[in-house]
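K.L.:
Take a look at the following structure, please.
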Amino acid sequence: MVDLPYFSTLGNIPKYFERIRQAKTPEDKFSPDFVKSTLNFSSGNDQKLIGVLKAMRFIDESNHPLQLYRDFRSETTSPYESIGKGMKNAFLSLYARDENLHDRT
């Protein structure tokens, strides 16, 4: 069985990525404290963002930002290209079954 990343509630997902684009890239780690104090999300569900970003390969297993994280923050012409790449990384097992998964309803 494949362990897929998820959020218990969906309402903050656009806000997470908006605030990531606005905030400075963490110098050390994308930590629970960074989510709470810098991005200003304090609920337990908000901490699931870290696991989702790991699955998307925005941060590594030690929570250090990776190039895809930096690419997302710097994109100007196509700001969601990195999110698309990240979603394919996070849901690779589903894309293996249907390479056009993003076109499904």
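K.L.:
Could you look through segment 86-103, keep only residues that are under 19 Å from PHE7 (Cβ atoms) and free of Cβ contacts under 8 Å to residues at least 24 places away in the same chain, and pick out the one that is least open to solvent (accessible area, probe 1.4 Å)?
P.N.:
Here the residue is LEU101.
K.L.:
Output the number of residues of segment 65-105 satisfying the condition of being over 17 Å from PHE30 (Cβ atoms) and outside any loop (DSSP other than H, G, I, E, B).
P.N.:
14
K.L.:
Still on this model: Any residue that is part of a helix (DSSP H, G or I), aliphatic (A, V, I, L, M) and open to solvent by 30 Å² or more (accessible area, probe 1.4 Å) - is there at least one of those in segment 32-39?
P.N.:
no
K.L.:
Consider GLY51 against the criteria (1) buried (at least 16 other Cβ atoms within 10 Å of the Cβ); (2) closer than 19 Å to ASN89 by Cβ: it satisfies all of them except one. Which criterion is unmet?
P.N.:
Only one criterion in (1) buried (at least 16 other Cβ atoms within 10 Å of the Cβ); (2) closer than 19 Å to ASN89 by Cβ is unmet by GLY51, namely (1).
K.L.:
Can you tell me which residues in segment 14-25 are assigned to a loop (DSSP other than H, G, I, E, B) and either charged (D, E, K, R) or within 13 Å of SER62 (Cα to Cα) (or both)?
P.N.:
LYS24
The values are calculated or read from the model by the stated rules, or taken from the named source; none is laboratory data. What you see is a predicted model, and the numbers here were worked out from it, not measured in a lab. A quick note on method: Cβ atoms are made from the backbone with ideal geometry, for glycine too, and the neighbour counts reach across all protein chains shown. Side chains are part of the model used for accessible areas, which takes the heavy atoms of the whole protein and leaves out ligands, DNA and RNA. Shrake-Rupley method; radii C 1.70, N 1.55, O 1.52, S 1.80 Å.
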